[in-house]
Amino acid sequence: MITAIGVGTDPTITYFRDQAADRGVPIRFVDLFDVVDGDFELHVGHPGLSWVRDPRGAVTTLDPDGAFYCRLINLGDVIPAEFPEWSSTIFALTAWLELASGLVVNRPGHPCDNACKPLHETVLAQWGFHVPDSITSSDGQALAAFAAEAPCVAKALSGQRADCIRVDPPTFADFDPRRGPVHLQRHVDGDDVRAHVVGERVFAVEINANGDDYRLDHNACFTSINLGPATDTALIEATQAMGLSFAGWDLRVNGDELWVLEANPMPGYSYYDTNMGGRITAGLIEFLFERSPTPP
Ligand SMILES: Nc1ncnc2c1ncn2[C@@H]1O[C@H](COP(=O)(O)OP(=O)(O)OP(=O)(O)O)[C@@H](O)[C@H]1O
Ligand SMILES: [Mg+2]
């Protein structure tokens, strides 16, 4: 049996839950809202039985040898006064899922460099990927000078969702350093590609859209593509090196040139999957199912 753990209002994990139900695949969904309001006992190793109990008293046992898809979103970070128990619950489940002997496709102990884009880009480059040059600064003159050299974009510096926009030197004419730091990256030409690695498989889609950030174009067109064995292998190996079996890679492809923009360790994959006929979900379910122990 596959277990999915996440927030009942998160569109990605609820999409996974509903897709599994539509396909007749039994999964157990553990809603973090219930765990926070309920109770849990988590044992590291096998001697004890690990379980979570919802506020109505229903108990779900957690088998450390099981197959898990988790999205541990800490709502305590967003509204701490209302949810003081979130941090301790997330902390406990993170430790348990990190140490569980079974399969956790998004094992939470992966390196967290994605939350700091300059660090993340450095790591991606160290793995041998082509990553556009960048600058991170609060110095308006330095930012304007970088923008003057060649076209560039301003994009999120942290893991927070932000739109990506083209900027030029006048953007920084009256720049107040208190608005910084700003992360600029050299603009690279090419087609946007999103590639989801699931185990040893890659599900890639090319996105044709208007504007600088395809996520803002509601008429964007999605076409499934094959990136070729060399790129597939590089993405699979880098995903495994991050300690993950499931990751979403943002790429730009220009002929033979492949630029890596980002590797998402907890991809909001449903947006792409609905445009790919559910292939990512099918791959994810298959991968989890193959590794989930058969109930006695
Ligand atoms: N260096 C770049 N050159 C051209 N387009 C870019 C560049 N960086 C990002 N983009 C465009 O911006 C969009 C988002 O890119 P990317 O995923 O790198 O941004 P992000 O803000 O890090 O994303 P996320 O919200 O997933 O963390 C895509 O349309 C992408 O093509
Ligand atoms: Mg991205």
Legend entry - Distance between segment 108-137 and segment 29-58 - C-alpha centres, whole angstrom: 35
Inset, instruction - Name the long-range amide H neighbours of HIS187: under 5 Å, sequence gap of 5 or more, or other chain; modelled H, no Pro or chain starts. - result: CYS152, VAL153
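State to the nearest 20 debye the size of the charge dipole of the chain about its Cα centre, where the only charges are +1 on K and R beta carbons and -1 on D and E beta carbons. The partial results should precede the final answer.
Values: 20 positive and 41 negative charges, 76 e Å.
Value, rounded to 20: 360 debye.
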Legend entry - Loop-located GluC sites (Glu not before Pro) in segment 1-108 whose Cβ has at most 10 other Cβ within 10 Å (DSSP): GLU82
Legend entry - Per-peptide average of other Cβ atoms within 10 Å, ordering 12-18, 144-150 highest first: 12-18, 144-150
Inset, instruction - Could you tell me which of THR94, ASN226, VAL78 has its Cα farthest along the dipole of the chain towards the positive end, charges placed at Cβ (Lys, Arg +1; Asp, Glu -1), taken about the Cα centre? - result: THR94
Inset, instruction - Add +1 for every Lys or Arg and -1 for every Asp or Glu among the other residues with Cβ under 12 Å from the Cβ of THR231, and state the total. - result: -4
Legend entry - Interatomic Cα distance distribution for the chain, bins of 5 angstrom, percent: 1, 5, 10, 14, 16, 15, 13, 10, 7, 4, 2, 1, 0, 0
Inset, instruction - Step through the residues of segment 21-27 one at a time and calculate ³J(HN,Hα) from phi using the Karplus curve (6.51 cos²θ - 1.76 cosθ + 1.60, θ = phi - 60°), rounding each to whole Hz and writing x for Gly and Pro. - result: 4, 4, 8, x, 9, x, 10
Inset, instruction - Return the sequence-ordered ³J(HN,Hα) values of segment 9-19 in whole Hz as given by the Karplus equation 6.51 cos²θ - 1.76 cosθ + 1.60 applied to θ = phi - 60°, using x for Gly and Pro. - result: 10, 7, x, 6, 6, 6, 4, 4, 4, 5, 5
Legend entry - Accessible carbon and sulfur surface of segment 212-260 relative to its total accessible area, %, 1.4 Å: 48
Inset, instruction - Specify which residue in the list ALA148, GLN160, ALA173 is farthest towards the positive end of the charge dipole of segment 135-210, using unit charges on the beta carbon of Lys, Arg (+1) and Asp, Glu (-1), about the Cα centre. - result: GLN160
Legend entry - Max mean-square fluctuation residue, GNM over the chain, Cα-Cα springs under 10 Å, options ALA241, ALA67, ALA58: ALA58
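Report, in debye and to the nearest 20, how large the dipole of segment 175-267 comes out about its Cα centre when Lys and Arg carry +1 and Asp and Glu carry -1 on their Cβ.
Details: 7 positive and 15 negative charges, 72 e Å.
Once rounded to the nearest 20, the dipole reads 340 debye.
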Legend entry - Farthest positive-ward along the chain dipole, Cα basis, beta-carbon charges - from THR239, PRO64, PRO132: PRO64
Inset, instruction - Kindly report the accessible area of the chain per residue (heavy atoms of protein chains, probe 1.4 Å, no ligands, DNA or RNA), in Å². - result: 49
Inset, instruction - Could you tell me how many degrees, from 0 to 90 and to the nearest 10, lie between the Cα long axis of helix 85-99 and the main elongation axis, the longest principal axis, of the Cα atoms of the chain? - result: 80
Legend entry - Nearest-20 debye value, segment 1-74 charge dipole, Cβ charges on Lys, Arg, Asp, Glu: 140
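The values are calculated or read from the model by the stated rules, or taken from the named source; none is laboratory data. Just so it is clear, the structure is predicted and the values come from calculations on it, not from any experiment. Positions of Cβ are backbone-derived with ideal geometry, glycine not excepted, and every protein chain shown enters the neighbour counts. These accessible areas exclude ligands, DNA and RNA; they are computed on the full protein's heavy atoms, side chains included. Shrake-Rupley method; radii C 1.70, N 1.55, O 1.52, S 1.80 Å.
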